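Let me begin by presenting the structure, written as structure tokens, before commenting on it.
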Amino acid sequence: MMTKLNNVLFKYMPLRSSFFENFLLRATRREDLNDPFELQPSTHAWAHYYSQVGNTRIRSIDEMIEIIEKTDFLKEQEEQFPMFNNTGIMSFSKSEDNILMWSHYADCHKGMKLGFDASHEFFCNSKPYDSYTGRLHQIEYTTNRPNNIVDNPQELFTTKAIDWKYENEYRLILDISCSDVSYKGGVSDDNIYEFDCFNYLFEENLFFMFRIPKEAVISVTFGSKSDKNEISKITSKIRGDKDLKHVEINQVSLSKSNYSTRIVKL
């Protein structure tokens, strides 16, 4: 299967051989994202919101801002925007080989990078009543926080500080109630146990997992420090699955003369 590079998205992640058994990836809730600004409207955004919804008791924007600065943004969101509680984010990168991504998301170069066909229907599954959820969105990097949560609350999902630009991120926005597997536990499969996730959405360590179609997986690239035994184990799983015969297997190689890397086919 040939897929043009401009249709490929990458997922930098720890070396998890179980992916090639269950093909599950996590849709992360806002509480578990690593940017403290995620889905946090600014005071000006809230002031604009309350001015638009008709709060006539407060006459000036400055007065609104003064009151809003004393409120709990997350509590306000729970009441005003339930979509923030029901939505998960699955993050991907357009960067084919980024040393910072390997360091930050792929276990300090000991992990792996999965390549996906972004044109597959899994990534283009928006509903007729909701063209936002179920499809990919490119992140906009800016110095300003979104201010219009009245007409475009979804903008909060797709705007990040300029500091994160190296991620070159695309997000798949998903309804966690549609997840294939949900559980409370840790990253390790050994810690999974049954839990009614949807009745306790504000518990910690909740995982909402979606199953990726095998045909959407087009490559796996191991980090420069990936364990050789794990590489062999994963390679055997891929080569032993007839539905994965199209998957390309690579590893990152470090230059011996400068700070560059190259991807070598195994």
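The values are calculated or read from the model by the stated rules, or taken from the named source; none is laboratory data. Computed from a prediction, not measured in an experiment: that's the story for all the values here. Positions of Cβ are generated from backbone atoms using ideal geometry, with glycine treated the same way; all protein chains shown enter the neighbour counts.
Key figures for this structure:
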quantity	calculated
Flag if Pro14 is under 30 Å from Thr235 (Cβ atoms), out of contact with any His (no Cβ under 6 Å at 6 or more places or on another chain) and at pLDDT 75 or above	yes
Spans of strands (runs of 3 or more DSSP E) in the range 46-158 with at least 3 residues more than 21 Å from Cys178 (Cβ to Cβ) and at pLDDT 85 or above	112-117, 140-142
Given (1) crowded, with 16+ Cβ neighbours inside 10 Å; (2) of a type outside the set (A, V, I, L, M, F, W, C); (3) closer than 20 Å to Leu33 by Cβ, index of the condition Glu140 fails	(1)
Cross-chain or 6+ apart pairs with Cβ under 7 Å, the range 164-185 first and in contact (Cβ under 8 Å) with a residue 60 or more places away in the chain and within 25 Å of Phe37 (Cβ to Cβ), then assigned to a helix (DSSP H, G or I) and of a type in the set (A, V, I, L, M)	Tyr166/Leu100; Glu167/Met101
Flag for Thr235 being among the β-branched types (Val, Ile, Thr), at pLDDT below 95 and over 23 Å from Phe123 (Cβ atoms)	no
Positions within the range 232-258 being over 13 Å from Lys113 (Cβ atoms) and touching a residue at least 12 places away in the same chain (Cβ under 8 Å), in sequence order	Lys233, Thr235, Lys237, Ile238, Asp241, Asp243, Leu244, His246, Ser253, Leu254
Long-range neighbours under 8 Å by Cβ, at least six apart or interchain, first residue on the phi > 0 side of the Ramachandran plot and in contact (Cβ under 8 Å) with a residue 40 or more places away in the chain within the range 103-116, second among the basic types (Lys, Arg) and surrounded by fewer than 22 Cβ atoms within 10 Å (Cβ to Cβ)	Cys108/Lys225; His109/Lys225
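Conditions tested, residue by residue: (1) within 12 Å of Asp97 (Cα to Cα); (2) surrounded by fewer than 11 Cβ atoms within 10 Å (Cβ to Cβ).
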residue: Lys225; (1), (2): no, no
residue: Glu230; (1), (2): no, no
residue: Ile234; (1), (2): no, no
residue: Ile238; (1), (2): no, no
residue: Leu244; (1), (2): no, no
residue: Leu254; (1), (2): yes, no
residue: Tyr259; (1), (2): no, yes
residue: Leu266; (1), (2): no, no
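Residue-by-condition table, conditions (1) surrounded by 19 or more Cβ atoms within 10 Å (Cβ to Cβ); (2) closer than 26 Å to Thr142 by Cα; (3) in contact with a strand residue (DSSP E or B) (Cβ under 8 Å, 6 or more places away or on another chain); (4) of a type in the set (Lys, Arg):
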site	(1), (2), (3), (4)
Asn7	no, yes, yes, no
Met13	no, yes, yes, no
Arg16	yes, no, yes, yes
Phe19	yes, no, yes, no
Leu33	no, yes, yes, no
Pro36	no, yes, no, no
Gln40	no, yes, no, no
